[in-house]
Amino acid sequence: MQAFVFPGQGSQYRGMGADLFDNFPELTAKADEILGYSIKELCLQDPREQLTQTQFTQLALFVVNALTYHSTVKQSGRKPDFVAGHSLGEYDALLAAEAFDFASGLQLVKKRGELMSQMADGGMAAVIGLDREGVNRVLAANGLDTLDIANYNSPTQTTVSGPKADIERAQPFFDAAGVRKYLVLNVSGAFHSRLMTKAAGDFAKYLEQFEFRPLTIPVISNVHARPYYPGEVKENLVKQLTSPVRWVESVTYLLDQGVEQIDEIGPGEVLKGLVKTIRDRYQPRTSPIVVQSENRAASNAAAATAAGSSPAATLERPLTSVTKADRAEPFAASLTAEFLGDPAFRRDYNIKYAYVTGGMYHGIASKDMVVKVGKAGLMGFFGTGGLRPGAVEEAIRQIQGELNHGEAYGVNLISDLIDPQTEEEIVALLLKYKVRNLEAGAFMSITPALVRFRLQGLRRSATNQVESTSRIIAKVSRPEVAQAFLSPAPERIVEKLLAEGKVTQEQAALARSFPMADDLVAEADSAGYTDHGVAFALYPSIVQIRDEMMKKFGYRRKVRVGAAGGLGTPAALAAAFLMGADFVLTGSVNQCTVEAGTSSAVKDLLQDMDIQDTEYAPAGSMLELGAKVQVLRKGVLFPARAKKLYDLYQQYNSLDEIEETVRKRLEERYFRRTLEQVYSEVKAHYSTREISKAEQNPKHKMALVFKWYFAQATDFALSGNVERKVDYQVHCGPALGAFNRWVRGTKLEDWRNRHVDDIAGRLMVGAAEFLSRRCRELAGSDPA
């Protein structure tokens, strides 16, 4: 079998294509017409020295590659069995496979080059003489977290991409690691990195006007290092801008299929050299494998059958003729962090990984945290629980000021049973500032504020399809709550909002065809409010409910289900993805980072905790209901004192009934002031309605006084009040203890070296490596 591979940027030279343009006058004229200048003159003479400028380089290479292909096929009389292209070259591969015609391809490349050339202040460097694991180690060990792997060119040549200053700063670290050469490339941007996020978003919009034909030749994707699947062209072309070029895996895949001849089609011999290096190190299979698939998502977590789906990849040969190692290898080879979870989830939110950071209360999931993960190509939620609307508004403005190139972000909304007006005010801010993504937490039922946010985003598209621009990711740990979010908005609430003029008649009508949530998070035992859920029982149950509700209401779009709770190590994330999780959401591990909006004193406590150092305590905001939160136990007395207050609330009907000795202990140790003084402060904090209720109901007064302690315990922790350290209320789950064990003995043992985006990358990459290793171990192909 034969494959054609097309080169990308870097292969251009003045004079290329000299024997081609006159042989294909119609295509040359078409190029001149579309571009508005002579493509022949650019390639042969380059009179204005534009050939090295991205927006011209890519066009020139696309045309020369295309003409070379037509010439080669014309002379040989046959087409190849496979095609692939390196970066820009993939467009020629798609042209060869007839995904689009020459004119359309030229328009696509023209727009791609223009958008990429606008992303300034970025650079790239080739690392020669170090394998991919070595490159990753250097990046991780030296805090080079702004750099991304752009190209896996050969086993000993990897390209890194990122801000120019950091590309230059990295050289001494790689030199110290013993690389043969660290070569800063003469390029105009940080291609195939997160700095191309805005370009990718703009390109996605541009692609909407194109329709692509079925491929007539298998095209090996840069993004997946596997053949394109039907209907995947647009997604791959967008993802290609921010994803690494997996050239080593692409060539290896071709060799696995029995491809004997790989010919470079275009100027130069760059790919010829890379292919030779890869082939020299290639270990042939005992039996070649042919992989088929209808759905890329199913291959993301190897044999992710826990949710009832069958593996995406199947073998064409009879099962009896394939070894266990053969069956495992296609999965293991394709499992990288970028492809865990649901690809539509990543595409919809424009993020690199199917990974989200949750909105921890009181701004612990801070503005800095949201911005940090957003700039890393991920998505985080700002934690609004317990904050005044003014503080929330300021945070939104700051986030939008820093994430202004299409990066993903969202805002958390916590259920407020005592004062639902707070929910209304937060949602009003989200609508005012056009915040698209909302994380709903601790809700037991659907509220008017949630419905208003959801319905404001409903509309009909240009093609008359119902779509929503306001997305809700709902955290659920109970079946009945999952059912509520999987149902359309309650009609009584919709009618009320319609009567109040808060939604339109069209929005009210469209509400019947949409569930309340776009995505659910099955939240197992975690920090803060918890129903003590067990992930392996909860997740499959929520998926089953999702499937039943989708069938009941006939939704056209799948509601995705993610996992949260206990996710502190790569193995834990791997387990979630193996169950079929479309994405993961982390919390506790992010609280002990530089970006977390809590005190250094709390972070010092958290970095030393273990998995057994948490406990369940009464939730102050819902004291009367007996709700519980999971909190830090090690080094503090808060859990014991919180339980004591709850027991007293259950035992007595008023403060006056409490025994004098107990009352004195509360005043001296818990409150450090008299109960009357506490109540005076309470009256200044709560609404007139609440205080009036307390004056008439002694038990309610007692609840408000006791709640003062819970609020103060949170404030002591957030401010780092060392005198009240024993009273710190710190919401935390055992995931952080597991994480602490995982990083013990590394620089991440100290929280001052922990950054939320770095943790995300380590967990996701580690999860992919864990799954790959387990696939090989189970198949008996990994001697380790």
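Brief remarks on what is shown
- Relative contact order of the chain, pairs being alpha-carbon contacts under 8 Å that are 6 or more residues apart, as %: 10 percent
- Farthest toward positive dipole pole in the range 563-716 [+1 Lys/Arg, -1 Asp/Glu at C-beta], among Gln696, Thr614, Pro570: Gln696
- Overall form of the chain per C-alpha gyration tensor (a/c, 1.5; a/b vs b/c): prolate
- Sequence-distant residues sharing a close amide H with Val629 (under 5 Å, placed H): Ala617, Ala619
- Counting only DSSP H runs of at least 4 residues, each contributing -39500 (n - 2.57), and dividing by the residue count of the chain, the helix-based mean residue ellipticity at 222 nm comes to -13500 deg cm²/dmol.
- Net +/- balance of residues flanking Ala66 in space, Cβ distance below 13 Å, scoring K and R +1, D and E -1: -3
- Net +/- balance of residues flanking Glu467 in space, Cβ distance below 10 Å, scoring K and R +1, D and E -1: +3
- Three-way shape call for the range 614-737 based on the alpha-carbon gyration tensor, with the a/c threshold at 1.5: prolate
- Think of each Lys and Arg Cβ as +1 and each Asp and Glu Cβ as -1; about the Cα centre, that makes the dipole of the chain roughly 660 debye.
- Rounded to the nearest 10 degrees, the inclination of helix 420-432 to the longest alpha-carbon principal axis of the chain is 30 degrees.
- Restricting the range 364-456 to trypsin sites (Lys or Arg not before Pro) that sit in a DSSP loop and have at most 12 other Cβ atoms within 10 Å of their own Cβ leaves Lys434.
- What the Cβ-Cβ distance of Ala165 and Lys552 gives, at R0 = 45 Å and to the nearest 0.05, is a FRET efficiency of 0.25.
- A simple count of charges around Lys634, restricted to other residues whose Cβ falls under 13 Å of its Cβ and scoring Lys, Arg +1 and Asp, Glu -1, yields -3.
- By accessible area, using a 1.4 Å probe on protein heavy atoms only, the range 620-762 has 46% of its surface on carbon and sulfur.
- Nearest-10 value in Å² for the accessible area of His70, using the 1.4 Å probe: 70 Å²
- Computed P(r) (all Cα pairs; the range 457-594; 5 Å bins; percent): 2, 10, 18, 19, 16, 13, 10, 8, 4, 1, 0
- Shape call, the range 374-462: gyration tensor on alpha carbons, a/c limit 1.5: oblate
- Ligands, DNA and RNA left out, the 1.4 Å accessible surface of the range 499-609 is 54% carbon and sulfur atoms.
- The range 681-761: trypsin sites (Lys or Arg not before Pro) in DSSP coil with no more than 13 other Cβ atoms inside 10 Å: Arg744
- Unit charges at the beta carbon, dipole of the range 156-233: most positive-side option, Ala199, Tyr229, Val184: Val184
- Compared with the dominant Cα axis of the chain, that is its longest principal axis, helix 535-553 is turned about 80°.
- Mean accessible surface per residue for the range 692-784, computed with a 1.4 Å probe while every protein chain stays in place, in Å²: 42 Å²
- Cα-based helix-to-principal-axis angle, 570-579 vs the chain, degrees rounded to 10: 80 degrees
The values are calculated or read from the model by the stated rules, or taken from the named source; none is laboratory data. The structure displayed is predicted, hence computed values, not measured ones. As a convention, Cβ positions derive from the backbone with ideal geometry for all residues, glycine included, and neighbour counts pool all protein chains shown. Surface areas here come from the heavy atoms of the whole protein model, side chains and all, with no ligands, DNA or RNA. Shrake-Rupley method; radii C 1.70, N 1.55, O 1.52, S 1.80 Å.
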